[in-house]
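Have a look at the structure below before the remarks.
Please treat every number below as a calculation from the coordinates, not as lab data. From a predicted model like this one, the values you see are computed outputs, not experimental measurements. So basically every Cβ, Gly included, is an ideal-geometry build from the backbone, and we count neighbours across all protein chains shown.
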Amino acid sequence: MPPKPSAAGPSQTPEWKQLMRCSLRRGSDVAEFTPEEQADIDRVRRLYPFFSNEYYTGLIQEKDDPIWKQVIPSAEELDAADDYVLDSLGEDGDDSPVKHLTHRYPDRVLFTVTYTCGVYCRFCTRKRKVGKNPVPPWHELEAVFAYLREHTGVRDVLLSGGDPLLLADDQLDRILTELRAIPHIKILRIGTRLPCVLPQRITPELADMLKKHHPLYINTHFNHPRELTPEAARACALLADAGIPLGCQTVLMKGINDDIEIMKELMLGLLDMRVKPYYLYQADLVTGTGHFRTDVQTGIDIVNGLQGHITGFAVPTYIIDAPGGGGKMAVGPNRLLELNDEHAVLENYEGNTFKYPARAPEGTLIQDYV
Ligand SMILES: *Cc1c(COP(=O)(O)O)cnc(C)c1O
Ligand code: SF4
């Protein structure tokens with residue numbers, strides 16, 4: 001798709017802001033669609049936000065390619081299956097003690113600092129919230145800080161969104177400074193898709209600000225090797241050079257990355273950019289995203305197809321986040337075929353099986369296994 005001419009002239013406006021200005025946002029912006037399809041998109045857009053910035057739109061090579069599918073709405077989003085709900089992970093219920101905070105696990109919290117994103121992903125778990133709510137005003141954030149000061153069991157705060165890196169540097173600095181002043185909070189994490197969808201946002205000034213708040217970790221979000229561009233590599237290098245450990249959370253999606261060779265290329269490419277694959281998510285049961293969902297076996301086959309075949313660092317943990325707020329559970333890679341009273345039966349990457357004693361010494365002799 002040819003990039004649309006930029007309205008912004010040469011000015012002081014940073015490049016990333018210019019890229020956010022000129023973008024796809026309505027059915028008639030998608031020239032590849034018939035008028036009927038454009039009308040469908042406008043129906044979708046009334047339910048969920050539609051916006052792709054100029055950089056990410058520029059990665060689209062053709063209709064229905066893996067970049068297109070992530071950001072261009074489809075009529076399938078209008079299907080609402082029975083087992084799908086809007087707040088699939090139960091983030092807004094009992095686990096939200098204060099507005100903008102989800103406190104599900106004893107030692108860590110999810111803190112939504114903004115509801116705006118660099119693009120609106122069609123598969124997003126937070127489709128119900130993103131792009132619809134204003135940036136939380138400071139007094140609401142203060143209520144979150146107050147809650148965190150009182151809850152001394154919280155040692156890890158994960159800033160999420162929306163995309164926290166869409167906040168201005170000084171605004172984010174202010175939030176991080178408040179959190180850093182709380183003694184029991186040891187690590188700060190930021191979840192952001194911008195190194196992938198708007199890498200120009202990662203500026204030397206941003207990296208300099210972030211590194212004042214160590215230990216700070218960033219988890220980014222890449223789903224396809226086509227997203228591993230020189231711009232993305234530059235953004236990750238800036239963050240890594242600021243001493244920020246980088247992880248990646250990838251969503252497994254039908255027709256986008258449900259393929260071992262694509263995943264291998266993605267995971268190895270991330271490592272080359274100093275990003276450690278962290279989680280591979282099975283799709284959540286969110287209304288309007290069912291067309292992306294794969295079989296659970298597909299995810300297991302993919303991570304088993306990585307573990308042992310390629311550098312261990314490149315292998316993410318395959319996660320199912322339980323519907324209704326049960327939390328994240330690791331389901332692979334799994335090499336254990338069976339565990340009985342006597343032994344564990346394991347299968348290696350080449351498909352050969354091995355036994356290992358199930359019990360600690362006493363009894364079984366190692367010789368039985370060699
Ligand atoms: C994912 C998540 C976290 C962080 O989980 P980790 O497994 O530690 O990465 C924390 N709180 C909520 C509500 C989450 O969904
Ligand atoms: S960037 Fe993240 S929060 Fe925003 S739409 Fe995409 S997946 Fe959802």
Based on Cβ point charges of +1 for Lys and Arg and -1 for Asp and Glu, what charge dipole magnitude is obtained for the chain about its Cα centre, in debye rounded to the nearest 20? 1220 debye
Under 8 Å for C-alpha pairs, at least 6 residues apart: give me the relative contact order for the stretch 154-261, rounded to a whole percent. 26 percent
Rounded D (µm²/s) - the stretch 220-370, Kirkwood Rh over Cα pairs, Stokes-Einstein at 10 °C, 1.306 mPa s: 92 µm²/s
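What net charge is computed for the residues neighbouring LEU228, neighbours being all others with C-beta under 11 Å from the C-beta of LEU228, Lys and Arg scored +1, Asp and Glu -1? Can you show the working numbers first?
On the way: positive: ARG226; negative: GLU227, GLU231, GLU265, ASP272.
It works out to a net charge of -3.
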Find the all-direction average of the projected area of the Cα convex hull for the chain, expressing the result in square nanometres with one decimal place. 21.5 nm²
Quick calc, TYR349 & ASP107: beta-carbon distance into FRET formula, R0 35 Å, rounding 0.05, result 0.55
Per DSSP helix of 4 or more residues, -39500 (n - 2.57); summed, then divided by the residues of the chain. What does that give at 222 nm, rounded to the nearest 500? -7500 deg cm²/dmol
What does the charge count near ASP295 come to, summing +1 for each Lys or Arg and -1 for each Asp or Glu among other residues with Cβ under 10 Å from its Cβ? 0
Just tell me the longest site-free run in the chain, where the sites are GluC sites (Glu not before Pro) in a DSSP loop having at most 12 other beta-carbon atoms within 10 Å. 63-349
Length-normalised contact order for the chain - Cα pairs under 8 Å, 6+ apart - percent: 13 percent
What is the sum of charges around ASP321, taking Lys and Arg as +1, Asp and Glu as -1, for the other residues whose C-beta is under 9 Å from the C-beta of ASP321? 0
Put +1 on the Cβ of each Lys and Arg and -1 on the Cβ of each Asp and Glu in the stretch 256-370; which of VAL296, LEU266, TYR356 then has its Cα farthest toward the positive end of the dipole? LEU266
Between the Cα axis of helix 169-180 and the main Cα principal axis of the chain, the angle (0 to 90°, nearest 10) is 40 degrees
Under the 7 Å Cα-to-Cβ spin-label approximation, GLU231 and THR317 lie apart by a distance in nanometres of 3.3 nm
What is the distance in Å between the Cα centres of the stretch 23-56 and the stretch 83-118? 28 Å
Calculate how steeply helix 138-150 sits against the longest principal axis of the alpha-carbon atoms of the chain, using the helix alpha-carbon long axis, and give the answer as 0 to 90 degrees to the nearest 10. 20 degrees
Residue of GLY243, GLY162, GLY351 that the Gaussian network model of the chain assigns the largest fluctuation, springs spanning Cα pairs under 10 Å: GLY351
Antiparallel DSSP bridges in the chain: what percent, to the nearest 5? 40 percent
For the Cα atoms of the chain, what angle does the longest principal axis make with the long axis of helix 296-306, in degrees from 0 to 90, nearest 10? 80 degrees
